[in-house]
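**Student:** One structure, as structure tokens, below. Some questions next.
The values are calculated or read from the model by the stated rules, or taken from the named source; none is laboratory data. Remember, predicted model here, so these are calculated numbers, not experimental data. Cβ placement follows ideal geometry from the backbone for every residue including glycine, while neighbour counts extend to all protein chains displayed. The accessibility values were calculated without ligands, DNA or RNA, using every heavy atom of the protein model including side chains. Shrake-Rupley method; radii C 1.70, N 1.55, O 1.52, S 1.80 Å.
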Amino acid sequence: MGCAKRFPCFLFFVAFFLSTTISYTQTNTENRSGSWLVLHGNNKIHEKWSIPIVGILRHHDLFEKYEFAFIRTGVSYQLNESSIFTTGVAFLSSKNYTGSEDFKNATQFWVYEQYTLKSKSKRNIISHRWRLETRWKKSADDLRMNNRLRYRLQYVKPIYKNVHLKSFNELFLNLEDPLFNQNRFYIGLGQTLSPSVKIDIGYLKNHFKNDDHDVVRMSLTFKTEFTKRDIAELVD
């Protein structure tokens with residue numbers, strides 16, 4: 001059996017190793033551990049238009065305690081081969097969250113605008129993403145609005161056949177005091193299962209002003225196309 005066929009088993013081994021290491025780290029420091037399950041899709045409806053959708057389920061203590069559920073969607077327009085503009089909305093429902101947010105039990109509604117720029121160097125892909133978010137955060141007896149700016153630098157490098165290395169760093173800044181909101185650093189491995197499906201798993205360090213979160217992050221990325229040409233082929 002080839003290396004590429006054995007890679008899903010290797011991913012499970014990586015997940016086990018990361019969860020064991022992060023759990024050990026948590027017991028010996030004040031950092032909190034957790035897990036993120038991410039579903040990311042892009043649905044093409046026209047040569048230049050598409051509908052993105054992102055779902056995230058987060059837990060404290062590696063799948064043990066529910067933290068929050070998040071869903072984001074919108075509409076994207078491809079400006080050229082390397083840049084995309086997106087605008088849309090997002091909804092978040094949290095429970096027993098004790099990080100940098102103000103509310104332990106809250107809901108959030110977001111409106112966002114985003115610009116993504118990608119470049120290729122040989123087979124490597126470097127992408128920049130800027131996002132402006134307006135967030136309404138509601139608890140049982142309070143409603144607040146917050147404007148936040150995010151910048152993500154991401155690097156993807158093929159390392160063997162359909163296996164790749166992925167790393168990114170994303171900085172979050174409030175547009176009012178305090179300026180710093182959080183920072184996320186990720187490094188992991190992934191596999192392209194088909195031209196439209198990818199999986200990734202890795203370690204994410206979520207840094208806040210007063211604490212850090214060590215996270216096992218697992219994601220599934222998919223693409224679909226609903227252009228007139230594709231629909232016509234389905235009808236035929």
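**Student:** Determine how large the accessible area of H40 is when every protein chain is in place; take a 1.4 Å probe and give Å² rounded to the nearest 10.
**Tutor:** Roughly 70 Å² of H40 is accessible to a 1.4 Å probe.
**Student:** Here is a further query. Please state the charge dipole magnitude for segment 145-211, taken about the Cα centre, from unit charges on C-beta atoms (+1 on K and R, -1 on D and E), reported in debye and rounded to the nearest 20.
**Tutor:** Working: 10 positive and 5 negative charges, 66 e Å.
Computed charge dipole of segment 145-211: roughly 320 debye.
**Student:** Enter the Cα centre distance for the pair segment 43-87 and segment 134-211, rounded to the nearest angstrom.
**Tutor:** 12
**Student:** With a 1.4 Å probe and all protein chains kept in place, how much accessible area does F91 have, in Å² rounded to the nearest 10?
**Tutor:** 100
**Student:** I would also like to ask the following. Along the charge dipole of segment 156-207, which of L204, L173, V163 sits closest to the positive end, that is, farthest toward it, with unit charges on the beta carbon of Lys, Arg, Asp and Glu (+1, +1, -1, -1)?
**Tutor:** It is V163.
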